[in-house]
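One structure below.
The values are calculated or read from the model by the stated rules, or taken from the named source; none is laboratory data. Just so it is clear, the structure is predicted and the values come from calculations on it, not from any experiment. We place every Cβ from the backbone using ideal geometry, glycine too, and count neighbours over all the protein chains shown. Accessible surface areas use protein heavy atoms only, side chains included; no ligands, DNA or RNA. Shrake-Rupley method; radii C 1.70, N 1.55, O 1.52, S 1.80 Å.
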Amino acid sequence: MPLAAAADTTGERLQRGDAVVRSLNNGETQPTLERMRQEFPFLAEATEAYALGDVWSRPGLDNRTRQLAAVAAFAAIGERTFMRVHAGYALNIGVSEEELKEVVYMVTVPAGFPKAIAASQTLSELFAERRQAQP
């Protein structure tokens, strides 16, 4: 994938972004992004083209590392909604519950116990929902 995204068309960047989402979300689109497309199309396009098509598709890290980094970053800033989405993606691509728990433990150092506790609650909810959804 090209590093000079500025040379790519918006369409190419959007295609890369869509491919990233589908690779992480079991072939499905991202519901939050699709809802945003309805009322905030520019924001949805910018997210898909830049965040996903340019940044997320860069060759420097694999998806597993990117997801662990995203979970840690969102947990550290207290952004539980996005942390949950990325933790779900991480589980989809083979990251274990134990590995996600270790990320939360690490968050206590740079971000403190309140952020880590909030993140642990979010993960507990996600883990429970996934267990209930299994046949």
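Each row is one residue, and each column tells you yes or no for (1) in contact with a His (Cβ under 6 Å, 6 or more places away or on another chain); (2) modelled with pLDDT under 95; (3) over 30 Å from E12 (Cβ atoms).
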{"site": "P41", "(1), (2), (3)": "no, no, no"}
{"site": "A51", "(1), (2), (3)": "no, yes, no"}
{"site": "G94", "(1), (2), (3)": "no, no, no"}
{"site": "A111", "(1), (2), (3)": "no, no, yes"}
{"site": "I117", "(1), (2), (3)": "no, no, yes"}
{"site": "A133", "(1), (2), (3)": "no, yes, yes"}
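Considering each residue of segment 73-102, count those that are open to solvent by less than 30 Å² (accessible area, probe 1.4 Å), closer than 21 Å to L52 by Cβ and either touching a residue at least 60 places away in the same chain (Cβ under 8 Å) or not in a loop (DSSP other than H, G, I, E, B) (or both), and give that number. Walk me through how you get there before you give the answer.
Looking only at segment 73-102, we keep the residues that are open to solvent by less than 30 Å² (accessible area, probe 1.4 Å), and these are 75, 83, 86-90, 95, 100.
If we keep only those that are closer than 21 Å to L52 by Cβ as well, we get 75, 83, 86-90, 95.
Keeping just the survivors that are either touching a residue at least 60 places away in the same chain (Cβ under 8 Å) or not in a loop (DSSP other than H, G, I, E, B) (or both) gives 75, 83, 86-90.
Final tally of qualifying residues: 7.
Of all the residues that make up segment 103-123, how many are part of a helix (DSSP H, G or I) and open to solvent by less than 70 Å² (accessible area, probe 1.4 Å)?
Keep residues of segment 103-123 that are part of a helix (DSSP H, G or I), which gives 103-111, 113-123.
Restricting the remaining residues to those that are open to solvent by less than 70 Å² (accessible area, probe 1.4 Å) gives 103-104, 107-108, 111, 116, 118-120, 122-123.
Within segment 103-123, residues that are part of a helix (DSSP H, G or I) and open to solvent by less than 70 Å² (accessible area, probe 1.4 Å) number 11.
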